[in-house]
1. Please report, in cubic angstrom per residue, the volume enclosed by the convex hull of the alpha-carbon atoms of the chain.
2. Starting from the Cα of T9, step 7 Å along the direction of its Cβ; do the same at R90; then give the gap between the two resulting points in nm.
3. Taking θ as phi - 60°, what are the ³J(HN,Hα) couplings along segment 19-34 by the Karplus curve (6.51, -1.76, 1.60), each to the nearest whole Hz, with x for Gly and Pro?
4. Could you pull out every residue, at least 5 positions away or on a different chain, whose amide H is within less than 5 Å of the one on L22? Hs are placed 1.01 Å off N in the peptide plane, and Pro or chain starts have none.
5. What residues of segment 132-165 lie in the reach of a label at V110, counting those whose backbone N is under 15 Å from a point 7 Å from the Cα along Cα→Cβ?
6. Kindly write out, for segment 175-183 in residue order, the coupling ³J(HN,Hα) from the Karplus curve 6.51 cos²θ - 1.76 cosθ + 1.60 (θ = phi - 60°), rounded to whole Hz, with x marking Gly and Pro.
7. Lysine pairs, Cα distance under 29 Å, 8 or more residues apart or cross-chain: how many in the chain?
Amino acid sequence: MCGRFDQHTLPYRYAGYIDALLRATPNDPPQRYNVAPQTYAWVGRTTRDGARELVPLLWGLVPYWTQDPKKGARPINARSEDVATKPMFRNLIGTRRCVIPVDGFYEWQVTPSGKQPHYVRLADGAPMLLAGLWDRWRHGETPIESFTILTTDANTAVARLHDRMPAIIDASDLARWLDVRGTDAATARAMLKPYRTDAVETYPVSRAVNSATNEGPTLIEPEPKLA
């Protein structure tokens, strides 16, 4: 699963990386090293006219058919194996795909001394494009646009920490993933697979990341090894 991620790069750089127009809104999130559920984060998607945009969406999917967004499930993750069959996701995989550009994400390893957080990033330092689905809720005065992150089996690098990981869209597949008109749901689902092990690196970080109120670059610094 993915319960926290790092999105500290300036948004215009994410927009440039995915060739998208940066859309400013009242919900623009600041640079953060510890993005938690039920907060706004930058998300890349395709508009109706086929253009790409980077916009802030709420993390925790609010389906369009929900009567009360404060009640019911607001999933932050969705299993890629289930998107074709679960009512909450099966239409979105064909019509509302997105990517969440991040610098990395956190995963926790169970150890005798408790859960140890690890930071997971691409070895070449490029933004990591997490696969996601988004939806728009319009029953109230103010629409809510939200997203969930798709997960898949962990690759070898992440499997020692957890058996699941976010599905990562390779930069070479970005155009096809975001093209909801030209890429059908079945083709899109085929892209949701464990990312190449040799392209990912992980290392332990401070347990300070456990609290969503903690922020700053020290959260992604490697934890010093005990002598």
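Where a number appears in this text, it was derived from the coordinates with a stated rule and is not lab data. None of the values given here were measured: they were computed from a predicted structure. For neighbour counting, all protein chains shown are included, and Cβ atoms are generated from backbone atoms with ideal geometry for every residue, glycine included.
1. 133 Å³
2. According to this spin-label approximation, the distance is 3.6 nm.
3. Here the 3J(HN,Hα) series is 6, 10, 7, 7, 9, 7, 9, x, 9, 3, x, x, 5, 9, 9, 9 Hz.
4. L54
5. 159-164
6. My calculation for segment 175-183 gives 4, 5, 5, 7, 7, 6, 7, x, 10 Hz in order.
7. 5
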